[in-house]
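The values are calculated or read from the model by the stated rules, or taken from the named source; none is laboratory data. Fair warning: this is a prediction, and the values are worked out from it, not measured in the lab. Virtual Cβ from ideal backbone geometry, glycine too; neighbours counted across all protein chains shown. Quick note on the areas: whole protein, heavy atoms, side chains included, nothing else; ligands and nucleic acids left out. Shrake-Rupley method; radii C 1.70, N 1.55, O 1.52, S 1.80 Å.
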Amino acid sequence: MSLVKVPFKPGFNKQVTQSTAEYTWTDGDFVRFRYGEPEKIGGWQKSSSDTIAGVTRDIHNWTDLDGNKYLAIASHKLLVVYFGRAFYDITPLDTALTSCTMSTTNGSATLTVNKAGHGLAAGDLFTFSNMTIPGSGTGFVAADFTTNTFEVVTVATDSFTVTMGSNESSSGLSAATGCNVNPYIKPGPAIATPGYGFGVAQWGGKTIALTTNDLDGALNDDSAGTGGSGTAVTLTSTSGFTSAGHILVGSELITYTGISSNDLTGITRAALGSTRAAHSDAAAVTEATNFVDWGKASSTTDVTLDPANWALDNFGVILTATIKNNKTFEWNPSDGLTTRATVSSNNPTASVMTLVSGRDRHLIHLGTETTVGTSSTQDKLFIRFSDQEDRTDYTPVSTNTAGTFRLDSGTKIEGAVRAKDYILILTDTSAYTMQFVGPPFTFNVQQVGSNCGLIGQHAIVHVDGIVYWMGQGGGFFAFDGTVKRIPCSVEDFVFTNVDSDDLGLNYDAGELVYCNFNSLFTEINWFYPKADSSQIDRCVTFNYREGVWTTSSLARTAYMDKTLFENPIASEFTSTGTPTFPTIQGVSNTNGASQIYEHEKGVNQSDQNGNATASIDAFIESGDFTLDAKESQGEHFIKIKRFIPDFKVLSGNATVTIKLKDFPSETESSSSLGPFTVTSSTKKIDTRARGRFASLKIENTTTDENWRFGSFRADVQPDGGR
């Protein structure tokens, strides 16, 4: 019998059954297609031996005027700059806790910091400053406190503990010394949390609409009201609050019996099992009266608390870094690598995200405040942009180009991206273009699509004149002047999550989805968390040049194409990892750790020196084929006597398995002589394989193996029927 060539089509087809997917590839991991042929993807190498505290949510690169290259990395705990193959901690610090005292015990490394209503939680990071060490009672010196970052180990209402680098060598302190504690800013939780169950600071129940405002005056950690006296809590406005009910401040619930002007009267602190704490002036207050099933953990909810997220960009040489629904910070390389980022002057204090417009250089706040500096006025469809070339002026007047605009479709802005000569803005339902037109209108904003909302802030990318994104309710979209839904041959696989074993998207964690492209191989990657997963652990890839789709288990929480740096850069998170950067006294695995990799380097997983640490076990598997006469379509059994290997690239070994079965519903199994090991010198393989249906699997399992498969030619003959 003559050799028969199986004409496999490029890309994965997961929309049909194995037997219907004849002559297509249906599954694989760590593979890509080039010129129609499948190959193992490139390797990745650690950029540093250090791992960063927290899960990375965004990365961004830029240069200064001298051409120095910087990489900003933002996690749910840190803001870091990578420069000269080293990390630098530039995380902004929150308001200092002053006049703290400390207690130690001889022979113990545990330090107790005493501060009423400190508001810190286990895992929070901070630094010490203004340290005063008494003349006796402790063997610690000021440098033991002021040269490192510390992690909170345990907390009580008026104190918390940390672990020192050594034990107390003297008799110990009792609420002695004086110092400031400088907490790191808190971008938010590491995961998307279903709303209002136990453990998410809402104490059970759910609500349909949330009214929020700010405290007008601080609350102490006592049973009294504003300013530590009386039985009333004063807000900047009580508009929208029910006449009696509950409010949530931080994680404390407070009941009230009436409203008088801007006072909530007849309060009871630490209500319904919550914990009393101090709250600063202007702290957010949430109307919680409409919560139902109070005191119970909600089994279902329509609300998801967003995880920490960042938007990174650069305004000239200055890094801009906005925490989602929070403040914008900036960092100038000229201030030095040991200088921390600081709050951007005169900017809004609550924005979904920011970005810098291209040629015209406006700093644009999306989903931001209608009154700058008042977080309670945040409108998630409201856009505010600065004066041209001035990132601090947001007051529209006739002599500048600052301005505002409100979108009218959807409930919130999800994300935006700079495109060719416009910015594409996506809400949870619709698409808008924002294009610079100059004074007096500055920008022209037009709706260009509906029913095409974005699933998460970073699930969008612009490449080669087209914007691509993952949809809020599933599916993929593109905009090239018109919004289009992209045909996807793995769509059901990616968006089906009926069972916990499914590898489809966890919609409740859609905010985590991260998208970027790899120009080296014309690929767009969407990294996403699968069903029942709280962190990214899957990837779906679209080769936009060849129009083919693949899926994989590559897990990257942030990814950046090769631009200023020689290779694509990405981050992998380990929830149980213990970070090594920055140097943290008492460090634990509470916050997890992120490893930064350079991709498309070699064929293995490698350390920072390029030494292989693990193999990349890639495979690809086809649908069922019959190699029978077209008019028979599986009527006869076939016998495959031999096949001729055809690899464009083959380093080391590749394993080829011919899987067989008699009926579509059966579980396939390897031919009796397989699997078969193929090397670069292998000319043919005798198989002795028999079945009605056959499929092909190609894989590698050890380091230094690499392959690119060509075609499958087999010696086939009919072998009866039944």
Accessible surface of LYS697 - all protein chains present, 1.4 Å probe, nearest 10 Å²: 40 Å²
Burial ranking of peptide ranges 595-607, 679-691 (average Cβ count within 10 Å, highest at the top): 595-607, 679-691
Charged-residue dipole, Cβ positions (Lys, Arg, Asp, Glu), the chain about Cα centre, Debye nearest 20: 1620 debye
Square roots of five times the Cα gyration tensor eigenvalues for the stretch 365-476, Å: 25, 17, 11
Accessible surface of the stretch 632-722, 1.4 Å probe, proportion on carbon and sulfur as whole %: 45 percent
For the stretch 375-386, 3J(HN,Hα) per residue [Karplus equation, 6.51 cos²θ - 1.76 cosθ + 1.60, θ = phi - 60°, Hz, x = Gly/Pro]: 5, 5, 8, 4, 10, 6, 10, 9, 10, 9, 10, 7
Translational diffusion coefficient (Stokes-Einstein; Kirkwood radius from C-alpha pairs) of the stretch 650-722 at 20 °C, 1.002 mPa s, in µm²/s: 158 µm²/s
Per-bin percent of Cα-Cα distances, the stretch 347-417 [5 Å]: 4, 20, 29, 26, 16, 5, 1
Local electrostatic count at GLU566 - Lys and Arg +1, Asp and Glu -1, tallied over other residues with Cβ under 11 Å: +1
Probe 1.4 Å, all protein chains present, accessible-area order of GLU491, GLU389, largest first: GLU389, GLU491
DSSP-defined antiparallel bridges as percent of all bridges, the chain, nearest 5: 95 percent
Which of HIS279, ILE698, ILE247, positive extreme of dipole for the chain (C-beta unit charges): ILE698
P(r) histogram, all alpha-carbon pairs of the chain included - 10 Å bins from 0, percent: 3, 13, 20, 22, 18, 12, 7, 4, 1, 0
Under the Karplus curve 6.51 cos²θ - 1.76 cosθ + 1.60, θ = phi - 60°, whole-Hz ³J(HN,Hα) for the stretch 235-241, x wherever Gly or Pro sits: 10, 5, 7, 9, 4, x, 7
Part-to-part distance (alpha-carbon centres) for the stretch 653-722 and the stretch 17-48, which is given in Å: 17 Å
Cubic angstrom per residue, convex hull over Cα atoms of the stretch 420-508: 100 Å³
Residue-normalised accessible area of the chain, expressed per residue, 1.4 Å probe, Å²: 40 Å²
Heavy-atom SASA rank of GLU699, GLU705 (probe 1.4 Å, accessible area, largest first): GLU699, GLU705
Cross-link partners of LYS641 among aspartates and glutamates (Cα-Cα below 14 Å; sequence separation of 8 or more within a chain): ASP686, ASP715, ASP719
Fully extended contour minus Cα-Cα distance, from THR257 to ASP662, at 0.36 nm per residue: 138.4 nm
ASP27 long-range amide H proximity, modeled H, under 5 Å: GLU621
Simple spin-label estimate for ASP64 and LEU520 in nanometres, 7 Å along Cα-Cβ: 2.9 nm
Inter-centroid distance (Cα atoms) of the stretch 497-521 relative to the stretch 355-382, Å: 28 Å
Separation in nanometres of the label points that stand 7 Å from Cα toward Cβ, at VAL649 and SER345: 5.2 nm
J(HN,Hα) series, the stretch 135-146, from Karplus relation 6.51 cos²θ - 1.76 cosθ + 1.60, nearest Hz, glycine and proline x: x, 8, x, 9, x, 7, 10, 4, 5, 5, 9, 9
